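Coordinate-derived values only; no laboratory data. Just so you know, these numbers come straight off a predicted model, no measurement behind them. Methodologically, a virtual Cβ is constructed for each residue, glycine included, from the backbone with ideal geometry; neighbour enumeration extends over all protein chains shown.
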Amino acid sequence: MFWRDLIKRLIFISLTGLGVLGNIILFVRHVNTLIKSPEKKKVDVILIHLAFVNTIIIHCVGVRYIATIFYFRNFLGVVGCKTIIYLERVARGLSICTTCLLSVVQAVTISPRTTLCRKLKPQTAWQVFPFLLLFWIFNFLISSNLPHYLTAARSTNRSGAGMHTEYCRMLPSRNTVKWLFITLITLRDVVFQSLMGWSSGSMALRLYKHHIRVLYLHSSRSANNSRLEIRAAQRVLILMTCFFFFYWADFIFSFYTGFTMTHDSTILDINAFLVLSYPGLSPFVLIVKDVHVFKPCCEL
C-alpha cells in the first residue's frame, strides 16, 4: 500500500504541475504573439482561452485529488464544494466548446476558398470574443443546478447522499430536473463533438490529398504558406485525437461509476487521471508542434 500510495501521489502531482506549467507557457506565448503581432490572429485568442479554461480544470480537479491522497482534512466547506465542482463542470464544458471552435476554424482555414462555411468563420481576432462569451453563458446555464445539490461531505450522512467525492456529496434531485440538465449536457456534447468530427475528418482528407499529389504553386512564398497551413492543421488534428481518446475513456469510466455508484478508489483514481490528462497534456502537443510550425517562418 505504501508504494501504491507513493506512485499515485507522484502521478497526480506530476500531472498537475506539468499541466499548470504547460498551460502557462501556452498562455504567455500566445498573449505575447497577440500583443506584438500587427495582425491579430484568431487562433491565438482561441488558444489563450483554451489554456485558461484548462488551467481552471487542473486546479479544480488536481488540487482536490492531491488534497485527498495526502489526507488533508476539512479541506473544503459547503461553499468550497459548490464553487470548485461548479467551476470544474463549467470549465470542462468550455474546454469542449473551445476545442471545437479551434478545430472548425482550422478546418475552414485550409479548405477551398469557395466553401460556404468560410462566410461564418470569424474574420478577425475580435470576432472570436462573441463566440467565447456565448460559450461561457451557455455552460454557466446548463450547470446551474449543480450548486443547489452539492454539499460538503461532513455536513450530511452517507445514507442520504448520492454520488460523492472525498469532500463533497451530490444530494439526490428530482428526476425531472436531473434529466433536463443531463439532456442539455448530452446535447451540447453531441453537437460539439459532431462538429469536431466533421472538421477533423475534413482536415484529415485535406492532409491525405496533400500527401498523395505534388502541388506546384505559383511562388515559393505561397508554397511556404501552404506548408504552414498544413502543419497547423496537423497540430490541431493531433489535438483532436487526444481529446476524443481522453473524452471517451473518461465517459466510459464516469458512466460506470455513476451506474454502479461505486466508491472503489482505483476506479475513481483512474477517472480523475483521465479528467486531468487532456488539459494537462494538450498544451505540450501544441507547444511541440509550434516549434515545427514556426521553424519555416524563421527561414523566410
Would you grab the residues whose amide H sits under 5 Å from the one on THR151? Only those 5+ places off in sequence or on another chain, please, with H modelled 1.01 Å from N.
ARG169, LEU171
Please list, in order along the range 88-101, the HN-Hα scalar couplings obtained from phi with the Karplus expression 6.51 cos²θ - 1.76 cosθ + 1.60 (θ = phi - 60°), rounded to whole Hz, x for Gly and Pro.
4, 4, 5, 5, 5, x, 5, 5, 4, 5, 5, 4, 5, 4
Which FRET efficiency value, to the nearest 0.05, is calculated for THR124 and ASN175 with the Förster distance at 45 angstrom and r the Cβ-Cβ distance?
0.45
Going residue by residue through the range 248-254, the Karplus relation 6.51 cos²θ - 1.76 cosθ + 1.60 with θ = phi - 60° gives ³J(HN,Hα) values, rounded to whole Hz and with x marking Gly or Pro, of 6, 5, 5, 4, 4, 5, 5
